[in-house]
1. Would you tally the net charge around ASP55, using a Cβ to Cβ cut-off of less than 13 Å, leaving ASP55 out, and scoring K and R as +1, D and E as -1?
2. Within the set of other residues whose C-beta is less than 11 Å from the C-beta of ALA116, count the net charge using Lys and Arg as +1 and Asp and Glu as -1.
3. As an exercise, use a Förster radius of 30 Å and the Cβ-Cβ distance of SER130 and ASP46 to find the FRET efficiency, rounded to the nearest 0.05.
4. Rounded, prolate or oblate: which fits segment 70-153 when a ≥ b ≥ c are the square roots of the eigenvalues of the alpha-carbon gyration tensor, with rounded for a/c under 1.5 and prolate only if a/b beats b/c?
5. What's the center-to-center distance, using Cα atoms, between segment 164-188 and segment 272-303 in Å?
6. Nearest 5 percent is fine: what portion of the DSSP beta bridges confined to segment 88-198 is antiparallel?
7. Kindly state, to the nearest 0.05, the FRET efficiency for ASP264 paired with LYS92, given R0 = 22 Å and r defined as their beta-carbon distance.
8. Would you mind telling me the antiparallel percentage of the DSSP bridges in the chain, rounded to 5?
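Values in this text are rule-based calculations from the coordinates and carry no lab data. Keep in mind that what you see is a predicted model, and the values were worked out from it rather than measured. Backbone-built Cβ (ideal geometry, glycine too); neighbour counts: all protein chains shown.
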Amino acid sequence: MSKLTSMTEAIARYVPDGSSVAMSLALEPLIPYAAGHEIIRQHKRDLTLIGPISDILFDQLIGAGCVQKIIAAWVGNVSEGLAHCYRRATEKRIPQPIIVEDHSNYSIALALLAAAQGAPYIPTRSLLGSDIVRQNPTFRMETDAEGMPLLLVPALRPDVAIIQVQRSDEDGNAHVWGNLGVCEEAFMAARDVLLVAEEIVAHEVIVSDPNRVLGPSFKVRAVVHEPWGAHPSPVHGYYNRDHPSFHEYHLRTRTLEGFQQWLDEWVMQVPSRAAYLEKLGRERQEALAVKEHRYAAPVDYGY
């Protein structure tokens, strides 16, 4: 059976209030903004967001009142600096207080990998000497057989991972290329997986290059065909990063009133990604589209 569904249906069914959601897993590219905006429009509440560098998507979800807890390495605006909604929530409890469990990018990867492997924790020394150890109560300090300090990073199993991909078949066999970040770890760790795909292709296209398959399709609950679903973040082979969008967001969200105006204009009054792209405009899309194709060399899987 085809797992193709609409974004509205996928979010309504697989992202209930109070769930833990892994997103923005490839660091700066492939951030599922279309999915995040649908979460906001459906007024989801009390979510736990899990990820490494989220850029401004986590900030938007925090400002919209969707978030109860953050388990992440960083929340901000990569090219601009601060995430104003995140700062208002942590410093002034606006629109509501949030709980923060600090990680590094590496420890988030270890936590998801532990869950993917069915292990209770993975040991590391990479965080020893940092304040992260003191700020995250889930970490455990131990010693190894030689009496040396060791940090145990507990497994982190999201209820759902929302992963942006370049292409997928209807059953959820997907190809991703470029910087994967922790996409593979989150895919295997999560209970459910939602894929947001730039393209839907035949199964034969996927099996022609099995090394690019993200994970087993039996874990995928829904596939959403959503071209430009990661804008304003980049997708290798499809479109570039929209730097002015991040700058505009930084300027407009300095105040609570400015954020509410931005949210109303770009999320609440834009009921679908098609409407979003219409608002964005054809000229801007063409400016961001791929100008020079850089194809990988073909490989031979023959015997």
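1. With Lys, Arg at +1 and Asp, Glu at -1, the neighbours total -3.
2. 0
3. That gives a FRET efficiency of 0.55.
4. prolate
5. 16 Å
6. Taking every DSSP beta bridge within segment 88-198, about 60 percent pair in antiparallel fashion.
7. E between ASP264 and LYS92, to the nearest 0.05, is 0.55.
8. Of the beta bridges lying entirely in the chain, close to 35 percent run antiparallel.
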